[in-house]
Amino acid sequence: MQLNDAQQHAAEAGGGPQLILAGAGSGKTRTIIHRIGHLIAANHVAPHRILAVTFTNKAAAELRARLSQLIGDDGGGVVSGTFHAISLSFLRRHAEALGYPKSFQVIDADDQKALIKRLLKARNISSDTLHPGYLLAWIEHCKHAALTADVAEAQAWNDIDMRELYAAYQQELLHHERMDFSDLILNTVRLLKEHADVAALLRARFDHVLVDEYQDTNPAQHMWLQLLCSEHRNLTVVGDDDQSIYGWRGADVRHILDFESVWAGAAVHRLEHNYRSTAAILDLANAVIAGNSDRHIKQLRATRDAGETPFWQICQDEYDEARRISAALRHWHQQGVAWRDMAVLYRTARQSLPIEQMVNEAEIPYRVIGGVGFFERMEIKDALAYWALLHGIADALHLRRIANKPKRGIGAVGEQRIVEMLAVSGMSAADWLDTLADGGVGPSAKLASLARLIGEQRSDAMQQPDMGLGRLLQDCGYLESLQAMGEIEAAARRENIQALQDYIAIAAGEGMTPIEFLDRAALLQSGEQVNRGDGASHNETDGETVSLMSLHRAKGLEFTAVVLSGVEEGLLPHQRSLDEGPAGLSEERRLLYVGMTRAKDYLLLTSARMRRNFGDMQFPQPSRFIAQLAPEILAREAVVAEIANPGTDCELNIGSSVRHPSFGEGVILGVEGAGDAVRVSVEFRNAGTKRLMLKYAALEIISIA
DNA sequence: TTAGTCCAATTTTTT
DNA sequence: ATTGGACTAA
């Protein structure tokens, strides 16, 4: 397909700062691809001197795939990756300027939290005084704003100096030779800012930089780009302020709104034709996003026919919702939509459980994208810790992790003493463990047999990096210790470990070093989880599956048919964001907008009248984002009813507001029966949900939805 | 000092 | 419902 004028202008613009405002479905990926192709073919830029920054690893992979399609030759060596992945590759070469060894590793969220907890415990600060999550969130907040501990604004909580704790946390990380995710960005900024020699090398590395999803960059990333591109100024950013959904991660929409003032002389390109969705879907999405005032006014124009009007289905509870979703998926499948072209999206991960159960029961092949990622699983982290020890690249966190797995009679105190002894020794964890082979002192003596085992197996493992892990886990008793969780659970975990071994084998085949493999594991934390549930019985081809994922994960993707589930007050908008005020609410609305604009042909919204939360039940109102929309743009079940107040027949829809003489105001959630026997379910603001005989209820209509 | 039992807090979203 | 943390027995 040809590019349209705006796309072509953007693709063929020369150097200098370029801002591409690209609405949902406006072909921005194609434009980027063509721009890169044009830079190479017409401007003779060497491919390896082009850097493309994407938001997810998946997007980076997609970019590479499409580049090789366009220009062949494996994309010609164009460098692409996430901010984090690219930062890590910079830091691998230059970390020593910051006092880190080149072999530093990345700490994941779990270990990060454990480290913070130990830090607070060592200072006798209880979690009631200062919640670890709160401290961590504040530190992250500083890092997103590119503020190191020495320049962060002092912050006290219950007389505790959080800035001092931030500094201590960094010290602790450095001591463990680890960086957290935010450090990857922040430390790269420090390299560019504080180390002129390194900065010069990094700046000279690329001639052109392109950034996707620019609306979701935080100040640290913004600074990262400014510092990297300040000389050549060949920076192209692509984004859409209506799709900014990462404010909680420090993203600031102003970066895209203010781009022209930061980069003088920037050219602006607007892609305002939507090629993805039917006009009906786009009308609905536009109606929703129009409710936000803090946005660039823009026209996103449909290029497709009206199509089917999106439907809003109100369900009894989350299981009824899940069943109706399954029915819709089946229906679309009968219409000829492939499973892989359908997605069920939700606000929170826990919503996936009932959906998984019902979809599975309906024998629809599915997969959950996200959730607990492969590399975050306990057994995988354990196995990787053993593997790191085997390859001599383990650190204190690895050793601590497996010290008492399987049980070796080492408890919390013993663990602590082992870590202290290791620190005193001044050796790496792997080297220190080797010295214990002849026996150790105190708790470390309990590691002697493990030390001997590793000593015996190491040389074998070094020669064949893909082998060895399974043998070590078997011989040290780890695999057997899994049995304590029950046969089925243990088998699943052994299978995961087997998958890890296969993964390692592939990586080894590619010539990847052990440290590179750990890097990949750290950056790919959140992989896909394939076919949970009874996948074996469906005999589906790989990839022929419906995707279940969070709204955030759906960013940048498109599907023929989309279900947005749980469109309720408290869930979308989420309660936590409502507590954050108007900015939080705007972001929730954008999230809904992002979800709707994923759909090409069919869109179904569902909400439940009742939802089980922890143990107890909740009765959410329909989401404020859709409750007021006319049935012409969002269809729903309608009932013709004669109501006391107007006295005439009228269409009373789900979502209509009514008043009852004693229960007060409420919203119609459902209708059953016919004629005189029609009963309506009404969610009253102050009186809960009631089922009323329409004929006798004396309802007064406030507004018709 | 460790291991097992009971109780509490937890969940918004991700690199 | 699950999981980490505190408490208690050995």
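Every number in this text was worked out from the coordinates using simple rules, so none of it is lab data. Computed from a predicted model, the values in this text were never measured in an experiment. Cβ placement follows ideal geometry from the backbone for every residue including glycine, while neighbour counts extend to all protein chains displayed.
Just to be sure I understand: if I project the alpha-carbon convex hull of the range A:296-400 onto a plane and average over all orientations, what area do I get in nm²? Mind dumping the intermediate values first?
Details: hull surface 51.8 nm².
Over all viewing directions, the range A:296-400 projects a mean Cα-hull area of 12.9 nm².
If I model a spin label at A:Asn686 and A:Lys298 as a point 7 Å from the Cα along the Cα→Cβ vector, what separation in nanometres do I get?
The two pseudo-label positions are separated by 4.5 nm.
Calculate the radius of gyration of the Cα atoms of chain A to one decimal place, then report Dmax, the largest Cα-Cα distance, as a whole number, both in Å.
Computed over the Cα atoms of chain A, radius of gyration and Dmax are 28.2, 94 Å.
Within chain A, what percent of beta bridges assigned by DSSP are antiparallel, to the nearest 5?
40 percent
Can you tell me which of A:688-697, A:363-372 comes out highest on packing, and rank the rest after it, using the mean Cβ neighbours within 10 Å?
On the way: A:688-697: 15.1, A:363-372: 19.7.
Averaged packing, sorted descending, gives the order A:363-372, A:688-697.
Along the charge dipole of chain A, Cβ charges K/R +1 and D/E -1, which of A:Gln243, A:Leu19, A:Ser126 sits furthest on the positive end?
After comparing all options, I get A:Ser126.
Roughly how big is chain A's charge dipole about its Cα centre, with Cβ charges of +1 (Lys, Arg) and -1 (Asp, Glu), in debye to the nearest 20?
That gives a dipole near 360 debye.
Going by amide H atoms built from the backbone, whose H comes under 5 Å of the H on A:Val45, apart from near neighbours?
Those lying under 5 Å, H to H, from A:Val45 are A:Ile40.
So which trypsin sites (Lys or Arg not before Pro) in the range A:42-76 pass both tests, a DSSP loop state and at most 10 other Cβ atoms within 10 Å of the Cβ? The partial results should precede the final answer.
On the way: sites: A:Arg49, A:Lys58, A:Arg64, A:Arg66; in loops: none.
Passing sites in the range A:42-76 do not exist.
Determine the calculated [θ] at 222 nm for chain A from helices alone, applying -39500 (n - 2.57) to every DSSP H run no shorter than 4 residues and normalising by the residue count; nearest 500 deg cm²/dmol.
Numbers: 27 runs with 293 residues, N = 705.
The helix contribution divided over chain A gives -12500 deg cm²/dmol.
With angles folded into 0 to 90 degrees, how steeply does helix A:487-509 sit against the dominant principal axis of chain A? Use alpha carbons for both and round to 10.
70 degrees
Relative contact order for the range A:376-522: what is it in percent, counting Cα pairs under 8 Å that are at least 6 residues apart?
Over the range A:376-522, the number comes to 24 percent.
Give me the one-decimal nm value for the distance between modelled label points at A:Met427 and A:His48, 7 Å along each residue's Cα-to-Cβ direction.
Between A:Met427 and A:His48, the label points sit 4.0 nm apart.
Is the shape of the range A:376-522 best called rounded, prolate or oblate, per the rule: a/c under 1.5 gives rounded, else a/b larger than b/c gives prolate, else oblate, with a ≥ b ≥ c the square roots of the Cα gyration tensor eigenvalues?
Oblate, since a/c reaches 1.5 and b/c is not below a/b.
Highest mean first, what order results for A:240-247, A:593-600 on Cβ atoms within 10 Å?
Highest to lowest by the protection proxy: A:593-600, A:240-247.
On C-alpha positions alone, give me the angle between the axis of helix A:582-596 and the longest principal axis of chain A, in degrees, nearest 10.
Its long axis makes an angle of about 80 degrees.
If you average the C-alpha positions of the range A:1-77 and of the range A:99-153 separately, how far apart do those two centres end up, in angstrom?
38 Å
Sort A:Met610, A:Met485 by Cβ crowding within 10 Å, fewest neighbours at the top.
A:Met485, A:Met610
Can you run phi through the Karplus equation (6.51, -1.76, 1.60; θ = phi - 60°) for the range A:600-607 and list ³J(HN,Hα) in whole Hz, with x for Gly and Pro?
With coefficients 6.51, -1.76 and 1.60, one gets 8, 10, 10, 9, 10, 10, 10, 9 Hz.
Taking the 0 to 90 degree range and rounding to the nearest ten, how far is the long axis of helix A:219-229 tilted relative to the main principal axis of chain A, both from C-alpha atoms?
With both axes taken from Cα atoms, the answer is about 70 degrees.
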